[in-house]
1. Rg/Rh for the stretch A:1-130 to two decimals, with Rh computed the Kirkwood way over all alpha-carbon pairs.
2. Within 10 Å of each Cβ in B:87-98, how many Cβ atoms from other chains are there, averaged over the peptide?
3. Work out the mean other chain Cβ neighbour count within 10 Å for the residues of A:117-128 and drop it here as an integer.
4. State, to one decimal in nm, how far the label point of residue C:179 lies from the label point of residue C:132, with both points 7 Å from Cα in the Cβ direction.
5. Using only the C-alpha atoms of the stretch A:72-113, find the volume of their convex hull and express it per residue in Å³.
6. At a temperature of 10 °C and a viscosity of 1.306 mPa s, determine how fast the stretch B:253-360 diffuses translationally according to Stokes-Einstein, using the Kirkwood radius over alpha-carbon pairs as Rh; express D in µm²/s, rounded to the nearest whole number.
7. Please build a GNM for chain A, connecting alpha carbons under 10 Å apart, and tell me which residue among A:136, A:89, A:26 fluctuates the most.
8. At 7 Å along the Cα-to-beta-carbon direction for both residue A:136 and residue C:254, put a label point, then send me their distance in nm to one decimal.
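Derivation of every value follows stated rules applied to the coordinates shown; laboratory data play no part. Computed from a predicted structure; not experimentally measured. Don't worry about glycine lacking a Cβ; one is built from the backbone with ideal geometry, like all the others, and counts go over all protein chains shown.
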């Protein structure tokens, strides 16, 4: 139905833009990762695997990467633990207030990330709201130091930020479950708990996978929360990349790390896609 | 027309045997909307009862109350001396075949069928044996490992049936299970369902809006209208002796003749015939097939038959028979069903027997 | 379902707890923007509007707000200008590399923003382009094309193809049909996408971080001050940002509801979950 001219007109401009502003930059990233930086701060196109060797040779990079993955894993687990029951409540129990509650879930999503991270900073500090509150009600005598500038603060803040990301896909997949399946399960003798584990949960797995993927990938690459709240022990892999593009001035090494992150994320997405196909029943 | 499969043994609600299920004065409203008012019904062991009604009549709600997915506002349901309505659905010995089958998409056909058995923790061997028995009964054995998404609608319907029956419930509820099938498959399934019920011997409660379907399959029909029972009787009974105007019109075609009775004579327009009724206004149901064309001449007629004449206004071809719309001189319109014959014209002479003019009650106006 | 309720009485409490977790920090922030002695210190006392007064007198902040607005509108323009045709192309055209294109367009959504940011930085470096608001606009525009594409694509699935066929049948050519029929039908998707893109651009940090020149956007201005130390002025501006985000997202949501009658997950999340 659509003429060739029409199809060209709608395909070509975006294709060109994306090629120029996405494909080329990523290709450049790829190339940079094989180059190096000279002492005089110029980029040398010497095409070697040196940067990658560096990554594995120097402990701090791998350590930070694993710490980042561990933080991301914790964020994911907490987001799912907090988010799944809420999504379940929304889908099966909220009734007339479903609409309102859904809005309440998406509002934090779009409120500025910076605002939310900053909020935790003011709450968790040694002079912050939480500490002074605890002292005020005489639960503690001295400020709790671990609250801020620690991995704890990073995990807490990132969980706060990414839980809504986890809730939405889970909610969507729960909504897709036909209610007569729940009735059928009861009809056949399964109690509500049995029905949940045998019918509802298996059918919600694609949503859980999507939510987990978002939470994990987005927190893995986060650099703001660690900078604001992580302290020296809460540094994550993105912070290293940022400094390599800033003060530490080693673009090629930064590119190499970025490329590794990119590959890691792509591998995760591929894995999730395969798992989702296995668990999707349409 | 339709064929009614005769039960091998006549079933009687008055046989003196304890009914399997007793529904007593059940009422249910959704918000301000009364959906069921004062329903009382008994279901016998091994009977095929159809709850028949238009959409909005409350038939699905009644079924869901028996299954346990809704709770009634008033009344009780008793099965084998136990209050059924106090139990949650997963503890009732009642199973349901859902309208859209509600097969679990993430389980295979045999896992679906065995679901209820697995939940009640039977042994693996017992489950396997009963599942293959159930699959054989609905002729779906080759599809045991398939997923519901990969089998046709008719096949899904059989699996839904097997999944319910394998649990050996005391009562099987079927919520318009054939409505999603095309006409031919539907007719085939009606016959299969009926013989399955005979084979298995448990009571079926079948909900439908299709009166032909109800007549084909049921031992008894419970006609529901706006939340109240109009009539509960066998198909033959409900067809030939409808209790109300609504029943007469809902089940099959009929002519409703409005008239007056005076001195044991009923008068409707220019027609009159002897009746044994008190004086006053009266309503009669006369089935189109009970009005016959006069074959012999005017003389030699059976003096008991009432005769009249009219012109053919419309002729609808129904295959083996046709339905004629006749306009009489005084303006009375009747439908007449006769064997097919092309090109009926002019004045026709018709007759019927007074015994076929069944007196019916007015159907109450319901808000 | 009436019986199920008794088994899970904890569910509503859990839900309440999670909502509390999500909202208390923001509420605390807002409360403390009125706090006399500044941030921290329980309980809040000496309520004052001083911090808001300071905020309104702060020129640098307002300049950055203006910059952010310029960037947001420009980015909106770019994202829509390329995102709408991209959605149409994905829906109606077959071309070599279509699968790659689809994934490529969605990548900035799921990849850490810094990767998109620094790879664009490399591009500008290589092309010898000076960093400025323009480079930020290009960055935001590119990263947010995917938002426009997914929203419009989802909206396209709901458009009645027969309408466009009817238009062609009645004599309109493709261009006319596009402006008279297709775009109006996509009106709600486009507005929804525009709102989202605007909001996301106003808050964007990761990509902007690398592409910034002399002029700050609002988030980066705030960020700079945070590095130097906390002032309650930041609470004030954060509270204002919260109010605006609230308005924007509730507006977006109501738009969606009016169109489809029931709440839906933002198309991006569904799309990414399925396509990638």
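1. 1.15
2. Going residue by residue through B:87-98 and averaging, the value is 5.
3. Across the residues of A:117-128, the mean count of other-chain Cβ atoms within 10 Å is 6.
4. Label at residue C:179, label at residue C:132, 3.2 nm between them.
5. That works out to 57 Å³ per residue.
6. 110
7. So, out of A:136, A:89, A:26, the one fluctuating most is A:136.
8. That separation, rounded to one decimal, is 3.5 nm.
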